[in-house]
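The block underneath contains the structure these notes are about, expressed in structure tokens.
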Amino acid sequence: MSSSFELMGLGDLPPYKSDTPSDFPSQTESPTVFVPVMRPPTPAPSPRPISPAPSVISLASSLAPQVMLPPFQALLDEFQSLGSFSRQEYLATLLSHCSSRELFFISTRIAPLLKRDFLADLPIELSLHILSFVDHPRTLARIACVSRKWHALVQDEQTWRGLASAYHFDPALHGPCEPDTDEGDTIGVTLPHIPGVPTLPRIPRPPRPLQPAQSSQALFKYAWLTLVNWKRGGRCLRAHRIPVLDPNSGVVTSVALDADWLVAGLANHRIHVFSTHTGSLVRTLVGHELGVWAVDLVSRGGALDPSHSQSPHHNSSSTPVSGGGVAEVVDGPALLQHNRAPPGAQVLDPQGLDHLLSPSMRAALALDAQYPPIVHAYEREDDPSLSESARSDVAGATRGWGQPGALVVSGGCDKDVRVWDVRTGLTLYVLRGHTSTVRCLKVIHNRPVAISGSRDGTLRVWDVQRGRMLRVLSGHAGSVRSLDVCGNKVVSGSYDCTCRLWDVDTGECLQVFRGHFNQIYAVAFDGKIIASGGLDTTVRVWDALTGHCTAMLQGHTALVCSLQLTPHTLVTGGADGRVLAFALPDLRVHTRIAAHDSSVTSLQFDEQFLVTGGNDGRVRLFDVGSGAYVRDITAPSDTVWKVVFRREVCAIMCRRAGKTTVEIWSFRPREERGERLRIAGR
């Protein structure tokens, strides 16, 4: 057995010899060995994980050439000398002899080498062409988060312009609108002018300035978020409870809506004007003596149609004036009374009442303005098709002829047609001639020409800019219940079971449509096709050119009271609670909706949604393409009278808890209030 010295490494040390002689007696006879004391070994440090430090990597790379043996170099030279096919066979054979661990190592080394940014490597034209196939904004938002190069590609205007076209977003219609509100406007009742009391002139507000151009991405974002709000959001700006003495007199009978104003006519002879941007009640127009049954809102701005003559002097004959002018009425003297004339005064001057207006009122009607002419499609003789812009607006608004502010034209049970200035609340004209209730009313786009239908069986054409009646359209044997205009043509539906097509400029009856067996309650006209519905539960489609009935549509079991017609779709609503959608031109039914438990009182649709209101107190939103139910816009009420909407706002007139209620809903993106929004929606 080895000694402890050997274990300690001290076995080779020489023995210690004493200097004392050996014969000298000593108590310690045994030899003494001195062992050096050694420091105990330091414990080894704990092992640490190997990290790919730059120094280690550089060291490994520096040592790599030294580790490579000559056989490896020979194999590499041999591999490089092979052809393409031989290389593939060489690698396939080599991989077949590798273990799974080695194959995983090879894959980790190969994967980064195979990565390619194809959008960045391609020419920008091809990259943008690839992005044009993306059909959802959420996908574009995710693409923008990949890299800086991809983010720069997504910012291209053409990409968002194409996506907006796919979703039918028109920048002129779906972009943000500038409010047409006046800081000086007060909230309350505006009384009619009292004779003898001077009125301070009001300088009209100049036209709105042009907005700076916005990017296609910003416009699409605004339109997309508005669409998302229709499906899932929206906020009620105001819910007005209008005080009425009698619940029956609080019925909202007519409504008109544009981008700035909401006008509601009530059975209690009042007209309320609300701001669509704030929801505030801005004006209450008082002047009608009985209930208001028809209103039309003329939006500010626009341009004058050159077919309307601007000469202040007109002939009194019935011959049309050359150059597209309008002829004067010869159906007896027209009774026209102006609100600023003395009480009981009757003005029989066929030249009009514009010479009685104050300068501020003349400015409100743009009487002294010079207009750049505009040309519509329906004025071209070489193009028989009508422009889409010539059709009347289903929301009850009309494009103006260049006047600085909005105007309201109304009619009611007092047989009068009144023209109002929205900014001041003053009555500009009181036009008299009807002998019974004015039941329906329309104003032609870009022309100061209004057509009113009455229970006296006549239609009357008015020049609302100069305050004069142009002509009387006689022919119906019963009350004129509804009318619709397109260009210079007007279609009227009557309780005499007939529809008639008239030329506004000449007063000629172009066609008489006979076929209904009962009273007609609704008509729609797009320039080529006329649709009519009534008490016989059928909807008839007529050719405006020939006068022939091209189809009789069935499906309702009660009165057909609502119609809307576009070049591709006809939607009908009835007292049975059903809504039917027909595809044009084959007139097949592509959607049947059981919308309400009782009568459909109002319906309107656009390219995205269908909104209906009913006597069951519900306001419902449907997808116009599939007819699928989306949601209820508001809480249930007692009954819904009218529903009208634009892209950004929806107005609901109903009775809630026994009170007349006007709700104004906004679907504008909240980005306008400084909140952060995501383009991907919710």
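The values are calculated or read from the model by the stated rules, or taken from the named source; none is laboratory data. Remember, predicted model here, so these are calculated numbers, not experimental data. In this analysis, Cβ positions are derived from the backbone assuming ideal geometry, glycine residues included, and neighbour counts consider all displayed protein chains. Quick note on the areas: whole protein, heavy atoms, side chains included, nothing else; ligands and nucleic acids left out. Shrake-Rupley method; radii C 1.70, N 1.55, O 1.52, S 1.80 Å.
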Report yes if some residue within region 123-133 is more than 25 Å from Q214 (Cβ to Cβ), assigned to a helix (DSSP H, G or I) and open to solvent by less than 80 Å² (accessible area, probe 1.4 Å); otherwise report no.
-> yes
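Rundown of residues vs (1) under 19 Å from A583 (Cβ atoms); (2) aromatic (F, W, Y), yes/no style:
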site	(1), (2)
N518	no, no
D526	yes, no
I530	yes, no
G534	no, no
W542	yes, yes
C549	yes, no
T557	no, no
Going through (1) polar (S, T, N, Q); (2) at pLDDT below 85; (3) crowded, with 20+ Cβ neighbours inside 10 Å one by one, T319 fails only at (3)
Touching a Pro at 6+ places or on another chain (Cβ under 7 Å), surrounded by fewer than 22 Cβ atoms within 10 Å (Cβ to Cβ) and at pLDDT below 85 - does that describe any residue in region 401-412?
-> no
Within region 415-424, is even one residue farther than 16 Å from H269 by Cβ and among the polar types (S, T, N, Q)?
-> yes
Can you tell me which residue among D456, D383 is among the acidic types (D, E) and either over 25 Å from A524 (Cα atoms) or at pLDDT 90 or above (or both)?
-> D456
In the set R678, R646, R673, R588, which member is over 20 Å from the mean Cα position of the chain (by Cα), open to solvent by 50 Å² or more (accessible area, probe 1.4 Å) and modelled with pLDDT under 95?
-> R588
Got a sec? Which of S81, S107, S100 is open to solvent by 80 Å² or more (accessible area, probe 1.4 Å), modelled with pLDDT of 80 or more, among the hydroxyl-bearing types (S, T, Y) and under 60 Å from the mean Cα position of the chain (by Cα)?
-> S100
Filtering region 417-433 down to residues that are touching a strand residue (DSSP E or B) at 6+ places or on another chain (Cβ under 6 Å) and surrounded by fewer than 24 Cβ atoms within 10 Å (Cβ to Cβ), which residue is farthest from E289 (Cα to Cα)?
-> G433
Report those strands (runs of 3 or more DSSP E) wholly inside region 493-584 carrying at least 2 residues which are within 31 Å of the chain's Cα centre (by Cα) and buried (at least 18 other Cβ atoms within 10 Å of the Cβ).
-> 520-525, 529-534, 539-543, 560-565, 569-574, 578-583
Taking region 292-308 as the search range and keeping residues that are farther than 18 Å from R646 by Cα and crowded, with 19+ Cβ neighbours inside 10 Å, which one is modelled with the lowest pLDDT?
-> H308
